[in-house]
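The next block holds one structure in the form of structure tokens; read it before the comments.
Any read-out appearing in this document is the output of simple, stated calculations on the displayed coordinates, not a laboratory observation. Note that the coordinates shown come from a computational prediction; the quantities given were computed from them, not determined experimentally. All Cβ positions, glycine included, derive from the backbone under ideal geometry; neighbour counts span all protein chains shown.
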Amino acid sequence: MKEQLAQIRVQALAAVAAAESTAALDELRVQYLGKKGALTAVLKSMGKLSPEERPAMGQLANEVRAALEQALEARGAELAAADLERRLKEEALDITVPGAPVKLGHRHPMYLALDEIKEIFIGMGFTVLDGPEVELASYNFDKLNAPEGHPSRDWSDTFYFDEDSRVMLRSQTSPMQVRAMETMPLPIRIIAPGRVYRKDEVDATHSPMFHQVEGMVIDKGVTMADLKGTLNTVVEKLYGKGTKTRFRPHHFPFTEPSCEMDVQCHKCGGVGCPTCKGEGWIELLGAGMIHPRVLEMSGIDPNVYSGWAFGIGLERTAMRRFKIADLRLIFENDVRFLEQF
Ligand code: DAH
């Protein structure tokens with residue numbers, strides 16, 4: 001029995017040392033220490049020994065078992081460490097490998113133009129306002145001096161929500177003038193960009209939804225000269241130094257006097273060409289001195305305060321700024337077009 005134990009010890013330790021995987025170790029554990037294992041078999045046969053022989057043999061068997069368990073554990077730890085090492089090598093990330101390029105989108109040309117406009121006005125001390133697209137007709141018309149029956153209120157031009165024409169999609173950003181006058185302390189310097197809606201068919205220069213930027217200044221002693229000076233400065237910043245403008249008399253219900261401002265055609269320099277329809281000038285915006293009645297309706301004394309306002313079409317400004325020929329390109333959002341800016 002002693003030789004048997006010694007043999008088991010030598011064989012088992014050699015096998016453990018040679019095991020190449022934890023699975024192989026598990027097998028060896030079963031093979032020697034399991035219920036039907038070699039060492040277990042020897043222990044079971046101890047009953048056959050004489051009582052004198054038993055303690056020494058028992059001790060020897062326990063030593064073999066302990067040696068075997070220790071060897072299994074040590075080899076297991078070795079294999080686990082080797083396994084970890086291998087995995088660390090195999091699964092290592094090379095953080096110096098360049099990443100896959102991410103395709104970045106970019107600003108829409110119309111918003112690029114809007115950002116430029118905002119920046120110019122913010123630089124001149126204006127505040128940028130945002131307001132509702134679903135508007136009360138009283139703000140869109142009445143308080144802007146376009147009373148009941150005014151042609152601009154016609155159902156053929158305006159998207160109304162109700163039979164009595166009280167709620168509508170705003171047809172201009174001008175109601176923001178009223179909202180500013182009603183809520184802001186004087187003096188006021190604001191611009192208000194946003195969407196406006198009119199019942200227009202789509203073509204190269206029209207869309208039922210388009211964008212405007214409203215501008216307004218109210219203070220003591222504000223004159224038409226301030227309006228012209230400000231707008232000329234803005235146009236030179238947008239389109240380059242020396243860009244010529246002209247102011248033509250016009251009519252808007254909420255300004256008196258009213259005007260439209262044209263910019264000299266960028267294509268022909270004023271001679272006349274297809275872009276400016278032979279005019280030499282391109283219309284850019286409507287403007288004027290705020291009608292005293294409009295000031296009064298919003299609680300501002302026209303004998304103390306005066307102001308000017310303007311409304312500029314954003315699509316048209318962007319088209320001129322980036323030399324875009326067709327308005328529809330701005331709304332179609334074809335990336336082949338957008339990527340050019
Ligand atoms: N709201 C006008 C329009 O949509 C544009 C306009 C003209 C705005 C004169 C103004 C202004 O503020 O003073 O045609």
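Exposed loop sites here mean GluC sites (Glu not before Pro) with a DSSP loop assignment and at most 16 other beta-carbon atoms within 10 Å; the chain contains its longest site-free run at 202-278. Close amide H contacts of Leu284 (hydrogens built in the peptide plane, cut-off under 5 Å, sequence separation of 5 or more or a different chain): Met261, Asp262, Val263. Per-residue 3J(HN,Hα) values for the range 214-230, derived from phi via the Karplus relation 6.51 cos²θ - 1.76 cosθ + 1.60 with θ = phi - 60°, read 8, x, 8, 10, 10, 7, 7, x, 6, 10, 4, 5, 5, 4, 5, x, 5 Hz in sequence order (x marks Gly and Pro). Report, in whole Å, the centroid distance computed from the Cα atoms of the range 49-106 and the range 135-201. So the two Cα centres are separated by 78 Å.
Between Glu52 and Ala6, the contour length at 0.36 nm per residue exceeds the alpha carbon distance by 14.6 nm.
The charge dipole of the range 109-338, taken about the Cα centre with unit charges on the Cβ atoms of Lys, Arg (+1) and Asp, Glu (-1), comes to about 940 debye, rounded to the nearest 20.
Normalising the average separation of contacting C-alpha pairs (under 8 angstrom, six or more residues apart) by the number of residues puts the relative contact order of the range 2-90 at 39 percent. Counting only DSSP H runs of at least 4 residues, each contributing -39500 (n - 2.57), and dividing by the residue count of the chain, the helix-based mean residue ellipticity at 222 nm comes to -13000 deg cm²/dmol. If only the Cβ of Lys and Arg carry +1 and only the Cβ of Asp and Glu carry -1, the dipole of the range 2-90 around its Cα centre is close to 340 debye.
Considering only the Cα atoms of the range 126-251, their convex hull presents on average a projected area of 9.4 nm². Close amide H partners of Thr255, meaning residues 5 or more places away or on another chain with modelled amide H under 5 Å apart, are His291. Loop-located trypsin sites (Lys or Arg not before Pro) in the range 73-167 (DSSP state not H, G, I, E or B) with no more than 14 neighbouring Cβ atoms inside 10 Å: Lys103, Arg107, Arg166.
Overall, the range 192-266 carries a charge dipole of about 220 debye about its Cα centre when +1 sits on the Cβ of Lys and Arg and -1 on the Cβ of Asp and Glu, all other atoms neutral. Whole-Hz Karplus values for the range 24-35 come out as 5, 5, 4, 4, 5, 4, 5, 4, 9, 9, x, 3 Hz, taken residue by residue from phi with 6.51 cos²θ - 1.76 cosθ + 1.60 and θ = phi - 60°; glycine and proline positions read x. Between Gly270, Val294, Leu284, the Cα set farthest toward the positive side of the dipole of the range 257-301 (charges on each charged residue's Cβ, about the Cα centre) is that of Gly270. Take every Cα pair under 8 Å whose residues are at least 6 apart in sequence, average their separation, divide by the length of the range 109-338, and the relative contact order is 21 percent. The overall shape of the chain, judged from the alpha-carbon gyration tensor, is prolate: a/c is not under 1.5, and a/b is greater than b/c. Applied to the range 195-207, the Karplus parametrisation 6.51 cos²θ - 1.76 cosθ + 1.60 on θ = phi - 60° returns per-residue 3J(HN,Hα) values of 7, 9, 9, 9, 6, 10, 6, 6, 8, 5, 10, 10, 8 Hz, with x for Gly and Pro.
Fewest neighbouring Cβ atoms within 10 Å first, the residues Val234, Val42 line up as Val42, Val234.
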